[in-house]
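Before anything else, here's the structure in question.
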Amino acid sequence: MVDLVVRNGRIVLPEGMITGEISIEDGRICRIAVSGLPKGDQEIDAKGRIIIPGVVDVHVHLYDRKFPNREDFASGSSAAAAGGVTTVIVMPWDTPIVSGPCIEEVIDLGCKNSIVDFALHAGNMSAETIKKVPEINCFGIKSFKAFTCDPYQMSYDAIEELMCYVKAIGGVTFVHAEDQKVLSKGIKALKRRKDPMAHAESRSNEAEEEAIKKVLKSAARTECRTHIAHVTTRQGCEAVEKAKEKGSHVSAETCPHFLVFTREDIERLGPYLKVNPSLKSPSDRAALWEALKNGAIDIVSTDHAPATKEEKEIGWTDIWQAPSGVPGVETFLPIMLSEGVVKGRLSLEQLVNSMCTKPAVLFGLYPRKGVIQEGSDADLTILDLNEEMKISADRLHYKVGWTPYEGMRVRGLPVMTLLRGKVIAEGGKITVAPGFGQFLPR
């Protein structure tokens, strides 16, 4: 008798949706059938709801010893699980993850406290740490974060050298692309202003376009797989699309806050929408949705990076003193279901590809993660596309107690999350103890 059978679900498979059932043994999917699977030790009736692979969020900031009041593995992974996310790749915040002791510290904390499975990105890389790539790779890390701008700026030449080392280990260079020279001009022109809009206006479309084009030239020369973080502009989308047409090994992401908000929303939410890169125009937002639909943008991730209310509030009087970043991992799937699928911008299959399958493929987790098929981990998220919710921070698991989506009505919610065949969240409540999550070496 198998451990678990999930019955009466509308299952999203690589070849399309079927109405059927899934049997699970030892944390893995062992059979998928339309009907007739033998009884399991446990049974779940999906009640005709949709079953998708557990969401894979490849860009989250969950831990930094400098910021214990912002987020940690227990709170951040609980938020992920409640929101239908079963796997995260943890990005460095400020403290670098480039040395053996630091890597071991983060892995140990994650194994003790995480609800969901996790992998790590190395970073933030510098010219001095490029040669550490092979050593870092020995810890099961194959992706490396680099910045073209402050506060962790690497020169374009140094990033190209990094790409050579990353290519040699079959990894991915993950780049925050805003050109520092262009940014410096914008900041210098607006520094005397302290209002929240000054920060957004200082980070222009030109800064993103210029950096992406330069990074993509290096990617073409080195033939290194390169991933562009959080694209925000029409020009950025076009640059990525052109590079793909030329055969470059490039991928790109955007984030829910760039698909929902524009600079106009800063008038209302001020420093709570201070993010890097900054929010752009309604036409840029429309271009992001189109690029996501046509594949120029490959995936969506959250860049989950909370700051406390006290830290954000400073920005009403001096925006330059407030930290950048928003919490987003728990609202990730509801936002994308409501704004994408329900509103007809994306098909359900496109959503699954951009939030489950493609992230796992790009970052070396597929086919263990990101897909419902025999042999894969039994990471399943059960959805109710008719259920509605008014987003409220009171219902979320973040340490910081706020969300930029406060008061927003969404339709389409995760109602149950399974990780390796175990229910880890149901109805927004966590059902396992911290430490159920596992580290995923790649």
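At a Förster radius of 22 Å, what calculated FRET efficiency corresponds to the Cβ-Cβ distance of A127 and I169, to the nearest 0.05?
0.75
Here's another thing I want to ask about it. Find out how many positive minus negative residues lie around R31, taking Lys and Arg as positive, Asp and Glu as negative, among other residues whose Cβ is under 11 Å from that of R31.
-2
Would you calculate a helix-derived [θ] at 222 nm for the chain, using -39,500 (n - 2.57) for each DSSP H run of n ≥ 4 and dividing by the full residue count, to the nearest 500?
Dividing the helical sum by the residues of the chain leaves -8500 deg cm²/dmol.
Angle check, please: helix 234-245 long axis (alpha carbons) against the longest principal axis of the chain (alpha carbons), in degrees 0 to 90, nearest 10.
Helix 234-245 sits roughly 70 degrees off the main axis of the chain.
Putting +1 on Lys and Arg Cβ atoms and -1 on Asp and Glu Cβ atoms, find which of W402, C111, L190 reaches farthest to the positive end of the dipole of the chain.
The residue sitting farthest along the positive end of the dipole is L190.
Between V342 and A433, how many nm apart are label points set 7 Å from Cα along the C-beta direction?
Distance between the two pseudo-spin positions: 3.7 nm.
Scan around L120 for amide H atoms under 5 Å from its own, H built in the peptide plane at 1.01 Å from N, and keep only partners 5 or more places away or cross-chain.
Amide H to amide H, under 5 Å and 5 or more residues apart or across chains, L120 pairs with V90.
If you don't mind, there's one more thing I want to ask. Express as a percent, rounded to the nearest 5, the fraction of DSSP beta bridges in the chain (both residues included) that run antiparallel.
50
Hey, another quick one. Which ³J(HN,Hα) values in Hz, rounded to whole numbers, follow from the phi angles of the range 283-292 under the Karplus curve 6.51 cos²θ - 1.76 cosθ + 1.60, where θ = phi - 60° and Gly and Pro get x?
3J(HN,Hα) across the range 283-292, in whole Hz: 5, 5, 4, 4, 5, 5, 4, 5, 5, 5.
How far, in nm, would the chain grow between H249 and S155 when pulled straight, counting 0.36 nm per residue and subtracting the alpha carbon separation?
31.8 nm
Let me ask another. List every residue whose amide H lies under 5 Å from the amide H of V326, counting only residues 5 or more places away in sequence or on a different chain, with H placed 1.01 Å from N in the peptide plane.
Answer set, sorted by chain and number: A305.
Quickly work out the Q350-to-I18 label distance, labels modelled 7 Å from Cα along the C-beta direction, and quote it in nm with one decimal.
2.6
Using θ = phi - 60° and the Karplus curve 6.51 cos²θ - 1.76 cosθ + 1.60, what whole-Hz ³J(HN,Hα) does each residue of the range 436-442 get, with Gly and Pro shown as x?
Rounded to whole hertz, the list is 6, x, 10, 6, 10, x, 10.
In addition: For I382, I314, which order do you get if you count the other beta carbons within 10 Å of each Cβ and list the fewest first?
Ranking I382, I314 by Cβ neighbours within 10 Å, fewest first, gives I314, I382.
For the pair K217 and E388, how long in nm is the line joining their label points, each one 7 Å along Cα→Cβ?
Result: 5.2 nm between the two label points.
About the Cα centre of the range 54-362, what is the dipole size in debye to 20, counting +1 per Lys and Arg Cβ and -1 per Asp and Glu Cβ, all else neutral?
Once rounded to the nearest 20, the dipole reads 580 debye.
Going by how many other beta carbons lie within 10 Å of each one, how would you line up W289, W316, fewest first?
W316, W289
Please name whichever of L162, N276, G236 sits farthest to the positive end of the charge dipole of the chain, dipole taken about the Cα centre and charges placed at Cβ: Lys and Arg +1, Asp and Glu -1.
Of the options given, the answer is G236.
Just rank E160, E71, E253, fewest to most, by other beta-carbon atoms within 10 angstrom.
E160, E253, E71
Now for a separate question. Relative to the first principal axis of the alpha-carbon coordinates of the chain, what is the inclination of helix 100-113, with its axis defined by its Cα atoms, in degrees from 0 to 90 and to the nearest 10?
Roughly 40 degrees between the two axes.
How far is the Cα center of the range 1-68 from the Cα center of the range 90-160, in Å?
31
Convert 4 °C to kelvin, take the viscosity as 1.567 mPa s, use the Kirkwood radius over C-alpha pairs of the chain as Rh, and evaluate the Stokes-Einstein diffusion coefficient in µm²/s, rounded to a whole number.
59
Each reported figure results from applying straightforward, stated rules to the coordinates on display, with no laboratory input. It should be emphasised that the depicted structure is a prediction, and the values quoted were computed from it without experimental measurement. Here Cβ is always computed from backbone atoms with ideal geometry, including for glycine, and neighbour counts include all displayed protein chains.
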